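The values are calculated or read from the model by the stated rules, or taken from the named source; none is laboratory data. In this text, all values refer to a predicted model and were calculated from it rather than measured experimentally. Cβ atoms come from the backbone with ideal geometry, glycine included; neighbour counts cover every protein chain shown.
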Amino acid sequence: MDDNNVPAFELGDVLATRCGNTLTGVFLPGSRIALSAFRQITHRSRDAPTETAGQDPVLIYLAQESTLFDEPVLRSVLAEANATFATLQQLGLRATRAEYVNISRAYRSIVRACLEKLEQAKKSPEVQTDEPRLRRFTDAIIVFYAAECLWHLFEILYIQNNQLVVPQLLDWARFHSPQAEDRATDLLLMAEEASESDDYWSILKSLIMLGEIDVTRAILSQNRKAVQPAFKAAELILKSMPVYQEGYALQKFHSQWEYWHVDTERKIQTGLFATEPELEQVLRLVTGDNVQWDAGIKESQDCYEYLPGYLLFTKPTCKPFELRIAAANWLNRWHLLRPEREHSNMNRMIMQLMDHDIRLFIYEAQKLNDTHWFSTHLIDLIHHCGQLKSYFDQNNIDLPALRHSMIYEYGSYLMSSHNLWQLGIDYLDCCKQEGQAAIELLLPRISLRSERQATKLINLARQRGLTSVEQEICKVLSKRSYDGERYGNALEWAIRSKDVLVVTAVADFILKHYSRTGNMLCPDTIANVGGRMFISPRLVFLSKYYEFYEFYRTRDFLSASELLVNLLESRITPDYFWPSLLIDSMPLLESKDPKIFAKETVAILHHIETELVPIIERDVTKYGKHHTETVFKDYRVENVDEILNLMRLACARNLARALIIENTMPVA
Amino acid sequence: MFDVEPIIADHKDVIHDVVFDYYGRRMATCSSDQTVKIWDEDGQGKWSVTSSWKAHSGSIWRVSWAHPEFGQVVATCSFDRTASVWEEVIGEKVSATNAPTRRWVRRTTLVDSRTSVTDVEFAPKYLGLLLATASADGIIRIYEAPDIMNLSQWPVQHEIANKLPLSCLSWNTSTYMVTQLLAAGSDEAATPTGKVFLFAYSENARKCVKIETVNDITDPVTDVAFAPNAGRTFHMLAVASKDLYIVNLRGVTDATGISKLDIQTIKFSEHNCPVWRVCWNMLATMLISTGDDGCVRLWRMNYNRQWRCAAVLKAEGSGPTYEPAPPTPTLATTASATAKFYKKGTIGNQVPWH
């Protein structure tokens, strides 16, 4: 499937076509490319404005592969097909043929339903007045009509795989040439009057050529001359035409059919219908008369329209493998008679199917402007039902690899487009490790527009065990909340990310903010941290300190004291928080009835001397004595030395009180 | 078939780099006019400039976005021998009803280079907030922000000197086999030696060292790009040189237990002229190459993993003027020779390109 004929597009950018300039491009998510004029300069060239700077507009072109699926109506096709696709994956490779036919029909009914909706929507005034939208609808109808038509034929020939194909082919042709049937209904409604209708006979002929024998008979029986012998004889011929039924002995049918055929030809030759030339022409069509059929071909819309009918009257027991020759002959004939008509792609693809050239068919199917909806789902179905396995083997096509790559491409296309990612993920789930890896790359790149969407993404990641994706999303949200000054959210998402660095950073920020201003940010979030605090020692400290802060606020000084002493002992206090913590202890130390025991008071004093004093000294040597950039940024502290002395004093006083009480307590 | 939407960039001179953020919703552009512009896409897909500032006193070569978990951060590098890190911050609230204004603040200027800084790129996020620069005097510097909440500190972590001037660099985002893998290219034309170098962190030396030179590519190299890795067991590096190259790197362990990289170079000569830039799509199923022939080529990997040119986008043409759409074909018309870009939405030819 080499295609040396690489399609080319012209952009026509003035700046880019200037001497020495060229075009450059980068990819964006969602099959988009940004193009801009480019000029290669190196570090050796002089850095000066380009000679032509300012003369041409500098443009960036955002090129997007055109897609039909921007319309909500069409998006439902994707969603429904996604469900059918999932059903097929569950069926697996060993289901019965009938089940695969059902799947195939399900896909087709999705397309048919969509076509109906499209036709309706197209007629609505808002679409009619919106030129580009109208064109989109028209395009979509063309594409999906083609998809349905081809799929239907494919289903008949390669999925149902019946021994005889003519009856199904007739259904197929009738469905896709509905005009004749519409007009036949009109004639039936007109009853007798119909006989005078101008196109009476031409309609009857096209009905015959579509194999609609019963309808033709019904119309003929309403003719004013229906009682005349010619009409009666015609009715008899049509009525007695043998129709092959499943289970009938082929040989017997053949002889019956031959007899009927010869008999009819004989009747025509005897001039039984000479009085009714038009009726005779109809009957000549029934006998497969070349002159009449040639005339019919000249009237036909599409080359495949009357092929099934022709087969019905000339080769009613045509088998799939015989169809190839019959179709090729028919095509040549059609071409000879209609040399002016060029073959449309769809006709070519229909012939490829009849000609058993699946390889070319698939290649052409990929060119359908449906972002590979048709080819992907069809190939997946081919792979599952296994009918064509030997064909692909003989043609050296690795069907599983082809299917895999199609599904992978289709899935990643959906997943990287903005509104469709939820559908894409199911396709990528079928692509083994490669699909998993693609999900891992694409999932975190879906822009997080709301927390609800983020939660959805996180759940999808969690179902697939993609912890790194989950973490990444949480971290992004944490940072985003932090930048937006929503610190409670920032802490919450940081905790959910379970990333020590991020959690520590946010907790640090909250603690520093507290020691600087005395305001505790996001108390609700901190109160709810609970058991999750053990992610980071800093978070443990924050939670515990908050607990202390709450005790203190609710005047539960005994519990507060106990917790404070624990915190001082815990060795998780960050350097910058020592001043805050020790200052917090002062009111408790100065309390009239001692809250802190002698032993603990000694410990506090110890901390003042071993933790706080060295920090102060370090800062003094680093920044000078009266610099504000010290760890002493606590809002309550201005004079460092004074506060240090006050602390020592408070300790001494509390120690004295505590010692007296502890040592004079009556022995219990 | 493409729908094309032109955006007036409003730069006074040629744009050197167009880079999209992680989600593809923001765009940074830099130009010879010494300014950087940040663009945002609104809900309707329209792009508009939200910030624009003079960032350097020389042409700005490249711009790079940091991962969003580090905030809204870009780095730029310039002919003026510096690289800078910029962060978007929320400004003062003007009124209660309006959204707070956002502006970009320079967090640091990295002045270590004595020559033009030719490329700058943030490292993959698993390494933390790291930034690599390449300069014309052949030195790669790797900076690290130790405190992710305070981006004013960027101490140099590694400095690797090379004999040849460097024009470009690229981080490998995958950790498969080798960690902290970095490629750099040189546009030196005088010597017939390999022009693409690979660097990685060496446990023994405890620093970043050069581990390989791609000897197959001896022509000047103007761009290198590691492909994103979606489950591959090897690394792909696209190289823009006299031709387009795709270099496959496989980690192999020899009999003595020493693991090294096996390098396989594939050349694509379709441009028939020097290639300036290369860019991968998100899953590395497609590649864009910019040639001196005024064309952008789109390459895609087919189902048996061969790279094929899928489409050519030409700079020339009659201009993006609106022309009425030709009558709708019954089906996709096959790839006829040339179709034009129209301003918005036209039936052209179908490219099986995604």
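Numerical summary
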{"quantity": "Number of the exception - A:Thr24 against (1) within 7 Å of chain B (Cβ to nearest Cβ); (2) more than 29 Å from A:Thr138 (Cα to Cα); (3) in contact (Cβ under 8 Å) with a residue 24 or more places away in the chain; (4) not acidic (Asp, Glu)", "calculated": "(3)"}
{"quantity": "Test: B:Gly231 is of a type outside the set (A, V, I, L, M), over 21 Å from B:Leu130 (Cβ atoms) and in contact (Cβ under 8 Å) with a residue 60 or more places away in the chain", "calculated": "no"}
{"quantity": "Qualifying residue in the range A:113-122 (condition: touching a Lys or Arg at 6+ places or on another chain (Cβ under 6 Å) and touching a residue at least 24 places away in the same chain (Cβ under 8 Å))", "calculated": "no"}
{"quantity": "Meets criteria (at the interface with chain B (Cβ under 7 Å from one of its Cβ atoms), at negative phi and touching a residue at least 24 places away in the same chain (Cβ under 8 Å)) for A:Leu35", "calculated": "yes"}
{"quantity": "A:Tyr145 vs. criteria aromatic (Phe, Trp, Tyr) and more than 30 Å from A:Glu299 (Cα to Cα)", "calculated": "no"}
{"quantity": "Selected residue [among the polar types (S, T, N, Q), modelled with pLDDT of 80 or more and surrounded by fewer than 20 Cβ atoms within 10 Å (Cβ to Cβ)] from A:Ser36, A:Ser76, A:Ser45", "calculated": "A:Ser76"}
{"quantity": "Residue within the range B:307-316 that is facing another protein chain (nearest Cβ under 7 Å), part of a loop (DSSP other than H, G, I, E, B) and at pLDDT below 85 present", "calculated": "yes"}
{"quantity": "3 or more residues under 28 Å from A:Pro242 (Cα atoms) and not assigned by TED's automatic domain parsing to the domain that holds A:Leu204: qualifying helices (runs of 4 or more DSSP H) within the range A:276-366", "calculated": "A:320-337"}
{"quantity": "Residue that is farthest from A:Ile60 (Cα to Cα), among those in the range B:38-89 that are β-branched (Val, Ile, Thr) and in contact (Cβ under 8 Å) with a residue 40 or more places away in the chain", "calculated": "B:Val85"}
{"quantity": "Restricting the range B:83-115 to residues that are among the basic types (Lys, Arg) and part of a loop (DSSP other than H, G, I, E, B), the residue that is modelled with the lowest pLDDT", "calculated": "B:Lys93"}
{"quantity": "Residue in the range A:81-99 that is nearest to A:Phe69 (Cα to Cα), counting only those that are part of a helix (DSSP H, G or I) and small (Gly, Ala, Ser)", "calculated": "A:Ala81"}
{"quantity": "In the range A:354-405, the residues that are under 22 Å from A:Leu331 (Cβ atoms), at the interface with chain B (Cβ under 9 Å from one of its Cβ atoms) and hydroxyl-bearing (Ser, Thr, Tyr)", "calculated": "A:Tyr363"}
{"quantity": "Of all residues in the range B:24-47 being among the small types (Gly, Ala, Ser) and surrounded by 18 or more Cβ atoms within 10 Å (Cβ to Cβ), the one that is farthest from A:Pro29 (Cα to Cα)", "calculated": "B:Ser32"}
{"quantity": "Qualifying residue in the range B:266-276 (condition: within 30 Å of B:Glu144 (Cα to Cα) and in contact with a Leu (Cβ under 7 Å, 6 or more places away or on another chain))", "calculated": "no"}
{"quantity": "Complete set of residues in the range A:481-495 that are within 16 Å of A:Asn519 (Cβ to Cβ) and among the charged types (D, E, K, R)", "calculated": "A:Glu485, A:Arg486"}
{"quantity": "Search result, residues across the range A:120-147 that are of a type in the set (S, T, N, Q), under 25 Å from A:Tyr107 (Cα atoms) and more than 9 Å from chain B (Cβ to nearest Cβ)", "calculated": "A:Gln120"}
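Table: residues versus (1) within 47 Å of the chain's Cα centre (by Cα); (2) crowded, with 21+ Cβ neighbours inside 10 Å; (3) within 14 Å of chain B (Cβ to nearest Cβ); (4) part of a loop (DSSP other than H, G, I, E, B).
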residue	(1), (2), (3), (4)
A:Leu539	yes, yes, no, no
A:Lys544	yes, no, no, no
A:Leu558	no, no, no, no
A:Asn566	no, no, no, no
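Yes/no per residue for (1) under 22 Å from A:Ala365 (Cα atoms); (2) modelled with pLDDT of 85 or more:
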| position | (1), (2) |
| --- | --- |
| A:Leu88 | yes, yes |
| A:Leu93 | no, yes |
| A:Glu116 | no, yes |
| A:Leu150 | yes, yes |
| A:Gln160 | yes, yes |
| A:Ala184 | no, yes |
| A:Leu188 | no, yes |
| A:Glu196 | no, no |
| A:Trp201 | no, yes |
